[in-house]
Amino acid sequence: MDAVAVVVAAGESRRMASRGDKPFLPLGGKPLLLHCLETLTRAPSISHCVLVCRSGQLETVRRQILDLMPDSDKIWLVPGGAMRSDSVWEGLQALPGNPAYVLIHDGARPLITVEFVETLLAEARIRKAVVPGLAVKATLKQVDENGRVLATLERSSLREIQTPQVFECSLILDCHRAAQEKGFKPTDDAALVEAAGHPVYVVKGDPFNLKVTSPEDLPVAERYLAELQKRS
């Protein structure tokens with residue numbers, strides 16, 4: 001075991017409207033957040049998970065999610081910050097031990113698999129900074145503030161980036177530390193590494209690894225979960 005996972009679940013779930021907070025939404029008979037935590041605690045290379053949640057939800061997460069897990073002792077619960085990058089920084093500061101690699105994952109992506117996690121870590125051991133991505137199928141256009149088209153982007157070179165994103169621990173710590181000092185707060189951890197001038201490599205993503213952000217994503221996640229369960 002040479003890696004630790006940081007799972008970020010500190011958002012406010014605004015786009016879920018009246019459905020409730022994402023971590024606790026039912027998916028396949030379990031809280032949505034529980035799915036990725038179970039996977040990460042089963043991954044052979046992951047020793048611990050740092051779970052970053054909203055400060056007002058820590059006890060609820062412990063009661064409704066962690067208490068359902070036999071391996072809950074592998075999960076360290078910490079309060080998040082104002083923005084995603086702040087929450088990741090809080091998680092990185094709470095890393096147990098001295099791991100070689102850190103896997104940063106959005107708790108709203110429940111359907112990762114152990115095989116996917118291990119493949120990403122294997123790539124990171126070679127390349128230091130690895131993110132999964134999917135080829136873009138739609139035509140994308142860049143527009144100005146008035147909606148006028150500025151350019152049609154060449155989609156063959158574009159990728160839709162997912163999490164987990166995996167980094168050499170010392171590298172991502174240095175990049176997050178520098179970003180905190182500069183007030184740079186991107187929504188993507190790889191952007192910090194790119195801004196520091198280090199290479200980031202995109203490897204093949206998983207089409208089942210969707211991010212649940214709005215109510216219409218839930219039935220899709222249910223279908224994907226059922227398909228993954230058939231395969232296992």
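In table form, for the structure just shown:
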item	result
DSSP-defined antiparallel bridges as percent of all bridges, the chain, nearest 5	40 percent
Accessible area in the full protein assembly, largest first, 1.4 Å probe, for E181, E154	E181, E154
Using θ = phi - 60° and Karplus 6.51 cos²θ - 1.76 cosθ + 1.60, couplings along segment 42-52 (whole Hz; Gly, Pro as x)	8, 5, x, 7, 9, 8, 8, 10, 9, 9, 9
Mean projected area in nm² (Cα convex hull; one quarter of hull surface) for segment 125-181	6.2 nm²
For segment 146-160, 3J(HN,Hα) per residue [Karplus equation, 6.51 cos²θ - 1.76 cosθ + 1.60, θ = phi - 60°, Hz, x = Gly/Pro]	9, x, 6, 6, 9, 6, 9, 7, 7, 6, 5, 9, 9, 9, 8
Once the Cα gyration tensor of segment 59-114 is diagonalised, semi-axes √(5λ) in Å	19, 15, 14
Length released on extending from L210 to S156, taking residue separation times 0.36 nm less the Cα-Cα span	17.3 nm
Cβ-defined net charge surrounding L150, 15 Å radius [Lys, Arg +1; Asp, Glu -1]	-1
The chain - mean residue ellipticity at 222 nm from DSSP helices (-39,500 (n - 2.57) per run, n ≥ 4, rounded to 500)	-10000 deg cm²/dmol
With DNA, RNA and ligands ignored, accessible area of L173 (1.4 Å probe; Å², nearest 10)	40 Å²
Karplus (6.51, -1.76, 1.60) ³J(HN,Hα), θ = phi - 60°, over segment 89-100, in Hz, Gly and Pro reported as x	4, 4, x, 5, 5, 9, 4, x, x, 9, x, 7
Most fluctuating residue given options H176, H198, H48, as computed from a GNM of the chain linking Cα atoms under 10 Å	H198
Stokes-Einstein diffusion coefficient of segment 24-104, Kirkwood radius over Cα pairs, 37 °C, 0.692 mPa s, in µm²/s	248 µm²/s
Y201, Y224, reordered so the largest accessible area comes first (probe 1.4 Å)	Y201, Y224
Evaluated over segment 96-162, the Cα radius of gyration and Dmax, each in Å	16.9, 51
Relative contact order, percent, the chain [alpha-carbon distance under 8 Å, six or more residues apart]	23 percent
Computed over the chain, Cα set: Rg, Dmax in Å	17.5, 54
Extension reserve of the V143-R231 stretch, reckoned as 0.36 nm per residue once the Cα distance is removed	27.5 nm
5 angstrom amide H check on R54, placed H, neighbours 5+ away	G80
Too-long pairs where the Cα-Cα distance tops 22 Å, listed order kept, from K128/K204; K141/K185; K74/K211; K30/K230; K137/K211	K141/K185; K74/K211
Range in the chain, longest, excluding exposed trypsin sites (Lys or Arg not before Pro) [loop by DSSP; at most 11 other beta-carbon atoms within 10 Å]	1-136
FRET E, pair R127, R63, Förster distance 35 Å, beta-carbon r, rounded to 0.05	0.30
Global form of segment 142-232, assessed from the alpha-carbon gyration tensor, a/c cut-off 1.5	oblate
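The values are calculated or read from the model by the stated rules, or taken from the named source; none is laboratory data. A quick note: this is a predicted structure, and the numbers were derived from the prediction, not measured. All Cβ positions, even for glycine, are placed from backbone atoms using ideal geometry, and neighbour counts span all protein chains on display. In case anyone asks, the SASA skips ligands and DNA or RNA and just uses the protein heavy atoms, side chains included. Shrake-Rupley method; radii C 1.70, N 1.55, O 1.52, S 1.80 Å.
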